[in-house]
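Following: one structure in structure tokens, then a few remarks.
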Amino acid sequence: MKAILVKQPGGPEQLMLGEYEQPLPGPSELLVKVHATALNRADTLQRQGKYPPPKGASPLLGLEIAGVVEEAGINCRHFKKGDKVFGLLPGGGYAEYAVIDEAMAMPVPDNLTMEEAAAIPEVFLTAYQALVWLGKLQPGERVLIHAGASGVGTAAIQLALALKAEVLVTASEKKIGACLELGAHKAINYKEVPFEDEVLAYTNSEGVDVIVDFIAGPYFKQNLECLRLDGRLVILASLGGGKVEEVDLRQILTKHLHIMGSTLRSRSRDYQIKLTHDLREFALPLFRLGQLSPVIDTVYDWEEVAKAHRYMETNQNIGKIVLRVNS
């Protein structure tokens with residue numbers, strides 16, 4: 001089959017369309033003819049040789065797919081040849097064919113294209129994990145979502161609103177409008193002012209209940225200031241670095257704060273299956289009603305994968321970058 005290969009660890013120029021052995025489905029797996037996949041930060045890190053795939057996973061890039069079932073393993077009971085499915089993978093999405101555990105596959109809603117379906121799994125599963133499983137966000141609570149216009153950010157805004165929470169976000173000036181259009185109640189240009197000041201002013205010094213953060217080190221002190229009593233901080237990445245200086249840790253004690261971190265790719269298969277089940281039950285009806293929507297910045301043909309990676313690394317995108325696979 002055709003697949004996107006990494007010639008050697010490095011920049012986007014190392015990506016090439018080549019030939020790779022077609023995978024075989026196990027007894028509980030589906031072989032899917034891939035119609036679309038999507039980019040994630042993990043792809044760019046893996047391309048650079050900085051993020052190896054989990055043990056047993058395909059070495060090919062690509063953590064999510066949408067496509068048509070070509071073959072179902074003998075133990076599969078929910079999907080058959082010809083069904084449209086989408087879902088999360090540990091790797092292998094940048095290819096004509098990929099295998100996915102049947103329990104990780106979800107049916108593509110009739111009102112969504114393959115490109116739209118491919119833009120859902122990683123960001124909505126990550127956002128649901130952060131908000132519901134870890135952050136335990138409740139109706140009427142406030143949540144601060146950093147990088148609000150990112151793929152996970154746009155998913156988190158929509159999910160938080162569906163959970164009936166009040167949503168604050170940080171974003172750059174040109175991306176604030178997109179966050180507000182999605183329904184965010186307050187958008188803060190983090191490049192102009194300390195977001196801590198804006199959050200406390202907006203909330204009358206009460207702060208927020210949950211923070212979803214991708215920056216880590218540089219934001220840690222301000223995050224603690226923004227959390228109210230029993231607040232929960234969920235750290236999903238450390239894009240700004242992992243070092244923290246001059247932080248008063250006593251706030252963790254006096255405010256009874258909960259600080260958590262998680263990456264989804266390294267979680268066990270059972271964990272990912274349960275998370276997929278919970279997201280499917282909560283979100284698929286809302287996707288079908290149009291109350292949730294994947295946010296797509298750009299769709300590239302997969303021959304333009306290097307261009308797509310370069311674009312992601314400029315941090316200009318609002319929402320997801322999708323690859324249309326020419327099978």
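Would you mind calculating the gained length between residue 259 and residue 164 on full extension (0.36 nm times residue separation, minus the Cα-Cα distance), in nm to one decimal?
Working: separation 95, 0.36 × 95 = 34.20 nm, distance 2.27 nm.
My answer for the length gained is 31.9 nm.
Helix-derived [θ] at 222 nm for the chain: sum -39500 (n - 2.57) over DSSP H runs of at least 4, divide by residue count, nearest 500?
That comes out to -8000 deg cm²/dmol.
What distance in nm lies between label points placed 7 Å from Cα along the C-beta direction at residue 173 and residue 74?
About 6.4 nm, to one decimal.
Using 0.36 nm times the number of residues separating residue 1 and residue 197, minus their current alpha carbon distance, what extension gain do you get?
Taking residue 1 through residue 197 to full extension adds about 65.2 nm, to one decimal.
Compute the length gained on full extension between residue 247 and residue 51: take 0.36 nm times their separation in residues and subtract their Cα-Cα distance, giving the result in nm to one decimal.
Fully extending the segment from residue 247 to residue 51 adds 67.6 nm.
Tabulate in residue order the Karplus-calculated ³J(HN,Hα) for the stretch 21-36, using 6.51 cos²θ - 1.76 cosθ + 1.60 with θ = phi - 60°, rounded to whole Hz; enter x for Gly and Pro.
5, 5, x, 10, x, x, x, 10, 10, 10, 8, 10, 7, 6, 9, 7
So which trypsin sites (Lys or Arg not before Pro) in the stretch 224-266 end up in coil per DSSP with only 12 or fewer other C-beta atoms within 10 Å?
Listed in order of number, the matching sites are 243.
Tell me the label only: which of [x] 0.98; [y] 1.21; [z] 1.09 is Rg/Rh (Cα atoms, Kirkwood Rh) as calculated from this structure?
Step by step, Rg/Rh (Cα atoms, Kirkwood Rh) for this structure corresponds to label [x].
With Cβ to Cβ distances under 9 Å as the rule, what net charge do the other residues near residue 14 carry (K, R +1; D, E -1)?
Working: positive: 7, 47; negative: 13.
Summing Lys and Arg as +1 and Asp and Glu as -1 gives +1.
For a Förster distance of 30 Å, can you work out the FRET efficiency between the beta-carbons of residue 315 and residue 21, rounded to the nearest 0.05?
For R0 = 30 Å, the calculated efficiency reads 0.30.
So who's got an amide H within less than 5 Å of the one on residue 259, skipping anything under 5 residues away but keeping other chains? H placed 1.01 Å off N, in plane.
Those lying under 5 Å, H to H, from residue 259 are 233.
Just list whichever of 33/320; 191/320; 221/255; 7/320; 136/164; 174/320 have alpha carbons separated by over 18 Å in the model shown.
Details: 33/320 21 Å; 191/320 22 Å; 221/255 14 Å; 7/320 25 Å; 136/164 13 Å; 174/320 16 Å.
Listed pairs above 18 Å: 33/320; 191/320; 7/320.
Report the GluC sites (Glu not before Pro) located in the stretch 228-327 that are in a DSSP loop and have at most 16 other Cβ atoms inside 10 Å of their Cβ, or state none.
Taking the stretch 228-327 and a limit of 16 other Cβ atoms within 10 Å, the loop GluC sites (Glu not before Pro) found are 245, 246.
Quick check: from the Cα gyration tensor, does the stretch 124-261 come out rounded (a/c under 1.5), prolate or oblate?
rounded
Read-outs: derived from the displayed coordinates by stated rules, not from any lab. Please read all numbers here as calculations on a predicted model, not as lab measurements. Positions of Cβ are backbone-derived with ideal geometry, glycine not excepted, and every protein chain shown enters the neighbour counts.
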